[in-house]
Amino acid sequence: MKSLMLILTRGALAAALTACGVASVFAADLKVGLSVSLSGPNSSLGVPYAKGMQAALAYKPEINGRKVQLIVLDDGSDPTTAGRNARKLIEEDKVDVLMGTSGVPAAIAMAQVGKEAKTPMIGLTPILLDPNENPWVMTVAQPTQLMIDAVVERMKRNNVKTVGYIGFTDAWGDLVYDALMKAAPGAGIKVVSNERYARADASVTGQVLKIVALRPDAVMTGGAGTPGALPFLALQERGYKGGVYGQHGLINPDFVRVVGAAGQNALMPTGPVIVAEQLPDGYPTKKIATDFRAVFQKVNNAPTSDAFSAYSFDGWLVFADAASRAMKKAEPGTAEFRVALRDAIFSTKEVVGTHGVYTFKPGSLYGVDERARVIVKLDNGQWKLAP
Amino acid sequence: MTWDVALILITDGLANGAVYLLAGLGLVLIFSVTRVVFVPFGDIAAFAALSLAAFETGRVPATIGMVAVLAALALATEIGSLLRRGEGSRIPKAVLMWGVLPAIPCVLAWLAARPGVPVAVHIAVAVLLVVPIAPLLARVVFQPIADASVLVLLIVSLALHFLLSGLGLLFFGPEGSRTTPLTSAVFTLGGGFTVSGQVVLMVGAAIVLSGLFFLVFERTVAGKALRATAVNRVGARLVGIRPVRTALLAYGCASLLAGLIGVLIAPVTTMYYDSGFIIGLKAFVAAIIGGLVSYPMTAVGALAVGVVESFASFWSGAMKDVIVFSLLIPVLMLRSFMVTHSEEEEDEVDQ
């Protein structure tokens, strides 16, 4: 019954969010349209995204003295609905900027609508698009290569010479493998295996036996969420003693719950917000990350335990910075403002967010650098900064 | 490949094969008695596993609500059909059978969700909780269309699977769960080769349960009635066996098997709301090897599927399922060449 309650709560949350938006419709000058998955299989990501956005609204409700109105729609984890939501947000609500969503295909669907209607979109997931083909979209998420580079650097520091790879049979497994293959030769590391498994597989004993037989110094895993725990469990069962590395797809409380003791000391990259309290005082994102934690706690009455709500927060910060500059050129709610806003976002310089410091340039989806990643270690079910 | 690796793969394969064996037995049992390819079988196993996981994390599994709603639906269906036939006097018995009986595991499960209940009770209750699911589904969905063609029954069965896995997603969420191992024992054989207690438990359960099945079919009246219905439905009816009752018995047994599978594999694999389907599919390959009628051949097929799957994942992880399901092609070709065309039993029922 708890699940039912959860769904009702989510429904109420969605209704409340929309109601808030409608209530302030006449007072607002700037409009942000957010489409996220408050229901459906992606809702475990979509709900934190929406909560993070509420925290952002509370943190910065005005830009240059003008109120910002947030309109939230639920896309039910479905790309078609996400595209329809984007169209509705632009045509009916006349938003100045689109934000979303919890799934990459759905985010791409939104970005296509944004391009048609000449409305900028700040993606909250690593969207896979050619920025030259769609110059209206950018994302606050970290590119996979940036994260995997950090893992490879760490392997080099730990004197790893050979590494075995095991990952999903899908696009995520390919992305991680390709990034690893690109980074490894430069660090003098040899990738000795490319084993794959499906998300629904019950066992990876066969694949792991093959890896263990090759005796690599370390194993890199390319999974995400709870299915990503499978190689860790199988490697432990076969008594593998080398280091096991993960990537940011595994930074998830459900992964920690399922992997249990088998994940002890596993190293993986993530945005610095996950370990904000443990960062050194001089770290550029520490202050804003701490602020974010506080405001999130105040708005949602619960602490953050995920990276997703922080992406929403960063998206808002990037938007706020760009909007304050764009407002000097045009009036919000007009087509000129949307163009000015797009140009302003693409000339963002050193905006400090919780995940990293953002500098966008035309022709590039991503705006973060090395400051947007840290390596964390799983220690007794807690993420610990591994400097 | 060295002998150690081969041995580990064989053990892993046999452990998986044991699960497919139990699932295959359930599928063959239901198919031979009712001609339904019971696709939701695996979903019921997943429900058992996820309910157990819910107990372990101190939550009340939503399965309770589902069983209660199903029972209410079944009761309404039964009372409706009794009233239509003018047999209103049998309503109290129907209430007992369809209302009270399924409510017992629900109440037990609700009590077991309190803190401080031992793990053994959780396991027993998780199994008991899913036992009414298949008979209730059968009463609501399959009994009214019992004489339809095999294809119609298969389509309905597939639709039920999607319904159940959707409900599973609603109840348990998209992320998977693992339960604490039933045993942490490790047996060391010669040459440093070890077998975990969990694997021994799985293989042992498969052996014991198939033994029990054999005894039930050979020695009990209910078992003989099941066999008689499987051999010839009309003939069984002529000698006084009620096909509706044997069908419910078959569904109940299969549901119990599914529950046992669920709690047996929950500690060794991460169970998701939709994990049951792939288990059911592989058990189906085993059942096809047994021609959907032969229990011993299904057992052999299940072990073969398990071992092939295990070796395939060593040789080519990405192609594993392709290799396993390709097994169907030679088996079906061989069967169609060797087996003489048997009489079409559904015709007898329709007339």
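Bear in mind these aren't lab numbers, they're just calculated from the coordinates by the rules spelled out. A quick note: this is a predicted structure, and the numbers were derived from the prediction, not measured. Here the Cβ positions follow ideal geometry from the backbone for every residue, glycine too, while neighbour counts run over all protein chains shown.
With no solvent and one equal point scatterer per Cα, compute the Debye intensity ratio I(q)/I(0) for the range B:44-106 at 0.13, 0.23 Å⁻¹ and report its log10, rounded to two decimals.
For the requested q values the scattering log ratios are -0.45, -0.88.
Cα gyration tensor of the range A:259-308, axes a ≥ b ≥ c as square roots of the eigenvalues: rounded (a/c below 1.5), prolate (a/b > b/c) or oblate? Don't skip to the answer; put the middle values down first.
Details: a/c = 2.88, a/b = 1.38, b/c = 2.09.
It comes out oblate by the Cα gyration axes.
Assuming R0 = 25 Å, can you tell me the calculated FRET efficiency for the pair B:Leu82 and B:Val221, based on Cβ-Cβ distance, to the nearest 0.05?
Values: r = 26 Å, r/R0 = 1.05.
Efficiency, rounded to the nearest 0.05: 0.45.
Rounded to the nearest 0.05, what FRET efficiency do A:Gln264 and A:Glu91 give with R0 = 45 Å and r taken as the Cβ-Cβ distance? Could you check?
Numbers: r = 52 Å, r/R0 = 1.16.
Calculated value: 0.30.
How large is the translational diffusion coefficient of the range A:199-276 in µm² per second when you combine the Kirkwood radius over alpha carbon pairs with Stokes-Einstein at 4 °C and 1.567 mPa s?
Numbers: Rh = 12.8 Å.
The calculation lands on 101 µm²/s.
Calculate the length of the line joining the C-alpha centroid of the range A:153-180 to that of the range A:285-340, in whole Å.
Between the Cα centre of the range A:153-180 and that of the range A:285-340, the gap is 33 Å.
Arrange the following residues from fewest to most other Cβ atoms within 10 Å of their Cβ: A:Val352, B:Val33. Please report the intermediate quantities before stating the final value.
Details: A:Val352 17, B:Val33 25.
Taking fewest neighbouring Cβ atoms as first place, the list is A:Val352, B:Val33.
Mean Kyte-Doolittle of at least -1.0 plus a Cα span of 20 Å or more along the axis: flag which DSSP H helices in chain B meet both, please. Write out the running numbers ahead of the final one.
Details: long enough: B:3-34 (44 Å, 1.69); B:41-56 (23 Å, 1.44); B:63-84 (31 Å, 1.65); B:150-172 (32 Å, 2.60); B:197-219 (32 Å, 1.79); B:243-265 (33 Å, 1.73); B:275-289 (22 Å, 2.10); B:295-315 (30 Å, 1.19).
Going by DSSP H runs, the hits are B:3-34, B:41-56, B:63-84, B:150-172, B:197-219, B:243-265, B:275-289, B:295-315.
For B:Phe277, B:Phe172, what ranking results if the residue with the fewest other Cβ atoms within 10 Å of its Cβ goes first? Walk me through the numbers before you get to the answer.
Values: B:Phe277 21, B:Phe172 25.
Starting with the residue having the fewest Cβ neighbours, the order is B:Phe277, B:Phe172.
Would you work out the relative contact order for chain B, in percent, from Cα pairs under 8 angstrom that are 6 or more residues apart?
Values: 522 pairs, mean separation 126.1, N = 351.
Contact order relative to length: 36 percent.
With a Förster radius of 41 Å, plug the Cβ-Cβ distance of B:Ile10 and B:Val152 into 1/(1 + (r/R0)^6) and report the FRET value to the nearest 0.05. List each step's numbers first, then the result.
Numbers: r = 41 Å, r/R0 = 1.00.
After rounding, the FRET efficiency stands at 0.50.
For the range B:109-164 and the range A:368-387, compute the distance between their C-alpha centroids and round to whole Å.
44
Can you give the Rg and Dmax of the range B:1-149 based on its C-alpha atoms, in angstrom?
Cα-based Rg and Dmax for the range B:1-149 come out at 19.3, 71 Å.
List the lysines whose Cα sits under 22 Å from the Cα of A:Lys51, skipping any in the same chain fewer than 8 residues away.
A:Lys2, A:Lys31, A:Lys60, A:Lys67, A:Lys88, A:Lys286, A:Lys287, A:Lys298
Quick one: order A:Thr81, B:Thr57, B:Thr34 by neighbouring beta-carbon count within 10 Å, fewest to most.
On the way: A:Thr81 20, B:Thr57 10, B:Thr34 25.
Going from least to most buried by this count: B:Thr57, A:Thr81, B:Thr34.
Just for the Cα atoms in the range A:24-78, what are the lengths along the principal axes, largest first, rounded to whole Å?
Result for the range A:24-78: principal-axis Cα extents of 39, 20, 13 Å.
For chain A, what is the Kirkwood hydrodynamic radius in Å, using each pair of distinct C-alpha atoms?
Evaluated over chain A, this radius sits at 21.4 Å.
Check which residues have an amide H placed less than 5 Å from A:Arg196's amide H, if you skip close sequence neighbours.
Counting only residues 5 or more places away or on other chains, the set is A:Gly167, B:Gly317, B:Ala318.
Restricting everything to alpha-carbon atoms, can you work out Rg to Rh for the range A:233-387 with a Kirkwood hydrodynamic radius? It would help to have the intermediate numbers written out before the result.
On the way: Rg = 18.8 Å, Rh = 17.4 Å.
In the range A:233-387, Rg relative to Rh is 1.08.
Please say if the range A:105-171 is rounded, prolate or oblate, where rounded means a/c under 1.5 for a ≥ b ≥ c the square roots of the C-alpha gyration tensor eigenvalues, and otherwise the choice is prolate for a/b larger than b/c and oblate otherwise?
Numbers: a/c = 4.10, a/b = 2.57, b/c = 1.59.
Because a/c hits 1.5 or more and a/b exceeds b/c, the range A:105-171 counts as prolate.
To the nearest Å, what is the center-to-center distance of the range B:299-340 and the range B:8-76, using C-alpha atoms only?
23
Quick one: P(r) of the protein assembly as shown from all Cα-Cα pairs, 20 Å bins, percents rounded to integers, in order of increasing distance.
16, 43, 32, 10, 0
Across peptide B:11-18, how many C-beta atoms of other chains are within 10 Å of each residue C-beta, on average? Please list the in-between numbers first.
Numbers: counts 1, 6, 3, 0, 3, 3, 0, 0.
Across B:11-18, the average partner-chain Cβ count within 10 Å equals 2.
Over the C-alpha atoms of the range A:329-374, what are the Rg and the largest Cα-to-Cα span, Dmax, in Å?
12.7, 40
What is the range B:16-69 by shape, rounded, prolate or oblate, if you read a ≥ b ≥ c off the alpha carbon gyration tensor as root eigenvalues and call it rounded for a/c under 1.5, prolate for a/b larger than b/c, and oblate otherwise?
On the way: a/c = 4.48, a/b = 1.70, b/c = 2.63.
The shape class here is oblate.
Could you work out the equivalent-ellipsoid semi-axes for the range B:109-214, taking the square root of 5 times each eigenvalue of the Cα gyration tensor, largest first, in whole Å? Present the calculation step by step, with values, prior to reporting the outcome.
Details: eigenvalues 234, 92, 47 Å².
Working through the eigenvalues yields semi-axes of 34, 21, 15 Å.
What number, in percent, do you get for the relative contact order of the range B:1-112 if the mean sequence gap of Cα pairs under 8 Å and at least 6 apart is divided by its residue count? Walk me through the numbers before you get to the answer.
Values: 50 pairs, mean separation 22.1, N = 112.
Once divided by the residue count of the range B:1-112, the mean separation gives 20 percent.
What span do the alpha-carbon atoms of chain B cover on each of the three principal axes, reported in whole Å from largest to smallest?
71, 59, 37
Treat each spin label as a single point 7 Å out from the Cα along the C-beta direction, and report the B:Thr188 to B:Leu73 distance in nm.
So the label points at B:Thr188 and B:Leu73 sit 5.4 nm apart.
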